[in-house]
1. So which residues in region 33-47 are more than 18 Å from PRO22 (Cβ to Cβ) and of a type in the set (Gly, Ala, Ser)?
2. Just need a number here: residues in region 33-74 that are part of a helix (DSSP H, G or I), surrounded by 10 or more Cβ atoms within 10 Å (Cβ to Cβ) and within 23 Å of the chain's Cα centre (by Cα).
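Bear in mind these aren't lab numbers, they're just calculated from the coordinates by the rules spelled out. As the structure is a computational prediction, the values presented were derived from the model and not from experiment. Here Cβ is always computed from backbone atoms with ideal geometry, including for glycine, and neighbour counts include all displayed protein chains.
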Amino acid sequence: MGERTIFEIEATITERGQTTVPAAVRKMLAVRKRGRVVFCGMPDGTVVIASKEEEEVHTDPVISEFLGFLERDMAERKTAAIRPVPQNFLDDLRELSDVEIDLDSPLTDDDE
């Protein structure tokens, strides 16, 4: 690296194009778990990583309306509408938890 290098840490890029931000870099950027960083490409081909300022959280109006509906419905019906999840549903859910899913694989048509 260049003359002004403070430190150099090697990292591996996974098959999915991901890497871990080394602990020393996270500490230097004051980034915690779930924190955000931004990568800035420079004209000389180097890339700078910087901490990203927290942005205001925006709520989805449709989700907010739906949650409001659920809240009102539960308040009106009290506990009469709240029932335990059936055991067979939980059993089916447990079976599905072992299914391997590759989120990077291309989608196929339903007709195939």
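1. GLY41, GLY45
2. Qualifying residue count, region 33-74: 3.
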